[in-house]
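Right, one structure below, let's go through it.
The values are calculated or read from the model by the stated rules, or taken from the named source; none is laboratory data. This one's a predicted model, so the numbers in the text were calculated from it and none came from an experiment. Methodologically, a virtual Cβ is constructed for each residue, glycine included, from the backbone with ideal geometry; neighbour enumeration extends over all protein chains shown.
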Amino acid sequence: MIEIRGLSKSFAGRGRGRAGVKALEDVNLTIDDDEFLTVLGPSGCGKTTLLRCIAGLVSWDEGEILIDGKPVRGPGPERAMVFQSIALMPWASVVRNVTFGLELRGVSRSEAEPRARELIELVGLSGFEAAMPFELSGGMQQRVGLARALAVEPQVLLMDEPFGALDEQTRRLLQEELLQIWEHRRTTVVFITHSMEEAVLLGDRVVLMSARPGKIEEIVPVPMPRPRSDHLDTVEGSADMHRITTQLWTRLRSWQVDVGKARKTPVAS
Amino acid sequence: MSSAADAQPLASRGGRRDAGRPFVSRLLDSKLFLRLLTLGIVAAIWQWYAVTVGGLLIPTFDGTVVAFFELFIDPEFWEAVWVSNQSMIIGFTVTVILGIPLGLFMGRYRPAEAFTDVYINILLVTPMAAIIPLIIMAIGFGLNARVLLVVLFAVPMVMVNCRAGVRQVDPTLIEMAQSFGATERSIWWRILLPGAMPAVMTGIRIGLSRSLTAMIVIELLLIAVGLGGLIINYRGAFNAEGLYAVVVFVIIEALLLITVARWVERRLVPWAHEGALSHD
């Protein structure tokens, strides 16, 4: 279980006299074991910052993050991250990229390799073990990124807009496969996205964040049954899906209007 | 056949698909043939110019070729080759040993850069000829002076490239490593060094050619020994063939060394040439 309590973080302003940016303000969130939680919000709402805090990659100003009761002080072996920019080492083959996390944790190559090959098969890349990243398409590269994260057998999978840079068809395929994998080997997933459909399609709950300062506005439960991976298209056409997406969009749009008003006010005065 | 090629796009690369084309059209496409052809044209123009226009100071092409092979049985020439290359080899070695770690370090730690940046810039912009008298006054005409000048001339390029190499490593790769719990040491070995490798190799290659330039320039300008000294002697004796032959030798040595450096680079950092490979 992940507990986030009163988390706040500001980035220092650049130059003299410039105010800092409040990236996160009083974020409170509890994530259950094996839950698939999606975090949705406009760009600049601090959703990636929140994920990086959970990953232990950045520090924060106030509050605490507990994983199974233990406070987060930095990266830990129970968490693994999947990056939007994929972050594969261009000089290493697919296998070497997948064994990277294991090798860092002291697993020998001879032990890490069979495990890596299993995961490469799981993400559907059998036959590409020796390929170099630049020989793979974006979707295939992100499969490697997923396999690398799964290889360390994390309890918590942190995914930062992992399919954001992919084209529509590839994205749908990977969503299906991610769900399939998650349905078979349950882990907690925190999945950042800026796509409403993706957030609803994948998540058990959708955390809706607003920008400046970044804070949680609403947590929307997604009561659609699992497993969904075998009929994702039906899920997408369902009434529930439509209702929740509409609900999310209403909220998101109301902030857009607010922002527009806020911009106009100083001009009028 | 075609399905096998699809499955392993890289394995089939370099396959001869032009087999069966007429010999002449294949010959015209071959790089070696074109190079030999341009060489032949240049030699013909040279020969024509030397015979019709040239006098004492412009040797003929065939005279130069003869002089070139005569050099090979001249012990004085080999002595000069040894003397010159001594300063280049020692200087280049020192450059690599000193320049690479310093450059890499500067790339990662900003304070180190603030400390050394100004000196690197001075070395990069100062014309080398201006430093030579200064060094000679300080430490004399010996091998030390020549080595020092080679290092001063080559080391900034190596450092600048290594620094850029570390800088250009994708920061999300470092973050990725940190997310898996990498220590600063593992980040160096597993991310920064391999990531900087292509730029380091480029730095080594440029450093090598700068070492070679420095070696000759110093001998021509102030310390008349080695190949530079030989060039000066032949000029004084109006031995145009000999002078041209020595210059040709220097060019060939430079080309050979750069070719070796490129070959090593391609072996060590094949992923840096991905662009060339993926467009077939």
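With respect to B:VAL147, is the statement that it is of a type in the set (Val, Ile, Thr) and in a loop (DSSP other than H, G, I, E, B) true?
In short, no.
Those residues that are assigned to a loop (DSSP other than H, G, I, E, B) and surrounded by fewer than 19 Cβ atoms within 10 Å (Cβ to Cβ), I need them from region A:223-233; list them, please.
If we filter region A:223-233 for residues that are assigned to a loop (DSSP other than H, G, I, E, B), which is where we start, we get A:223-228.
Listed by number, the residues that qualify are A:PRO223, A:MET224, A:PRO225, A:ARG226, A:PRO227.
Within region B:265-272, can one find any residue that is within 14 Å of chain A (Cβ to nearest Cβ), closer than 23 Å to B:VAL151 by Cβ and either in a loop (DSSP other than H, G, I, E, B) or touching a residue at least 60 places away in the same chain (Cβ under 8 Å) (or both)?
From region B:265-272, those within 14 Å of chain A (Cβ to nearest Cβ) are B:265-272; that's our starting set.
This time we only want the ones that are closer than 23 Å to B:VAL151 by Cβ, so: B:265.
Of the ones still in play, those that are also either in a loop (DSSP other than H, G, I, E, B) or touching a residue at least 60 places away in the same chain (Cβ under 8 Å) (or both) are B:265.
Yes, region B:265-272 contains at least one residue that is within 14 Å of chain A (Cβ to nearest Cβ), closer than 23 Å to B:VAL151 by Cβ and either in a loop (DSSP other than H, G, I, E, B) or touching a residue at least 60 places away in the same chain (Cβ under 8 Å) (or both).
Which of the following residues is assigned by TED's automatic domain parsing to the domain that holds B:ILE90, buried (at least 23 other Cβ atoms within 10 Å of the Cβ) and over 24 Å from the mean Cα position of the chain (by Cα): B:SER179, B:SER211, B:SER186?
Testing whether each residue is assigned by TED's automatic domain parsing to the domain that holds B:ILE90, buried (at least 23 other Cβ atoms within 10 Å of the Cβ) and over 24 Å from the mean Cα position of the chain (by Cα) leaves just B:SER179.
If B:ILE187 passes every condition in (1) at pLDDT below 95; (2) within 14 Å of chain A (Cβ to nearest Cβ); (3) in contact with a helix residue (DSSP H, G or I) (Cβ under 9 Å, 6 or more places away or on another chain) but one, which one does it miss?
It is condition (1) that B:ILE187 fails.
Just give me the residues in region A:128-139 being touching a residue at least 12 places away in the same chain (Cβ under 8 Å), assigned to a helix (DSSP H, G or I) and within 13 Å of another protein chain (Cβ to nearest Cβ), in sequence order.
Taking region A:128-139 and keeping what is touching a residue at least 12 places away in the same chain (Cβ under 8 Å), we get A:128-134, A:136-139.
Still in the running and assigned to a helix (DSSP H, G or I): A:133-134, A:138-139.
The answer is A:PRO133, A:PHE134.
Quick check on my filter: what residues within region B:92-123 are among the basic types (Lys, Arg) and modelled with pLDDT of 85 or more?
Taking region B:92-123 and keeping what is among the basic types (Lys, Arg), we get B:108, B:110.
The answer is B:ARG108, and nothing else.
Please go through (1) assigned to a loop (DSSP other than H, G, I, E, B); (2) of a type in the set (Gly, Ala, Ser); (3) within 29 Å of A:TRP255 (Cβ to Cβ) for A:ALA199 and return the number of the only condition it doesn't satisfy.
Only one criterion is unmet by A:ALA199, namely (1).
If the Cβ limit is 9 Å and pairs must be 6+ apart or interchain, which residue in region B:198-221 that is at negative phi and among the small types (Gly, Ala, Ser) pairs with which residue that is surrounded by fewer than 23 Cβ atoms within 10 Å (Cβ to Cβ) and outside any helix (DSSP H, G or I)?
So the pair list comes out as B:ALA199/B:GLN168.
Please state which one of A:LEU179, A:LEU125, A:LEU173, A:LEU119 is over 23 Å from A:ALA199 (Cβ atoms), away from chain B (no Cβ under 14 Å) and among the hydrophobic types (A, V, I, L, M, F, W, C). Give the steps one after another, and end with the answer.
On the way: A:LEU179 fails: over 23 Å from A:ALA199 (Cβ atoms); A:LEU125 fails: away from chain B (no Cβ under 14 Å); A:LEU173 fails: over 23 Å from A:ALA199 (Cβ atoms).
Selected residue: A:LEU119, the only one of A:LEU179, A:LEU125, A:LEU173, A:LEU119 that is over 23 Å from A:ALA199 (Cβ atoms), away from chain B (no Cβ under 14 Å) and among the hydrophobic types (A, V, I, L, M, F, W, C).
Return a yes/no flag: does region A:39-50 have any residue that is within 14 Å of chain B (Cβ to nearest Cβ), touching a Gly at 6+ places or on another chain (Cβ under 9 Å), at positive phi and outside any helix (DSSP H, G or I).
No, that holds for no residue.
Residue under question is A:GLN142, and the condition is that it be closer than 18 Å to A:GLN84 by Cα and in contact with a Pro (Cβ under 9 Å, 6 or more places away or on another chain); does it hold?
Yes: the conditions hold for A:GLN142.
Do the conditions hold for A:ARG109, that is, is it within 20 Å of the chain's Cα centre (by Cα) and over 24 Å from A:THR170 (Cα atoms)? Outline the logic, then answer.
Details: within 20 Å of the chain's Cα centre (by Cα): no; over 24 Å from A:THR170 (Cα atoms): yes.
Judged against the criteria, A:ARG109 is not a match.
Out of region A:53-79, which residues are within 30 Å of A:ARG253 (Cβ to Cβ) and either surrounded by fewer than 20 Cβ atoms within 10 Å (Cβ to Cβ) or among the small types (Gly, Ala, Ser) (or both)?
A:GLY63, the sole residue that qualifies.
Kindly list the number of the only condition in (1) aliphatic (A, V, I, L, M); (2) surrounded by 21 or more Cβ atoms within 10 Å (Cβ to Cβ); (3) farther than 25 Å from A:LYS22 by Cα that fails for A:VAL107.
The number of the failed condition is (2).
Restricting to region A:72-109, what's the tally of residues that are closer than 21 Å to B:LEU268 by Cα, within 8 Å of chain B (Cβ to nearest Cβ) and not hydrophobic (A, V, I, L, M, F, W, C)?
So the answer is 1.
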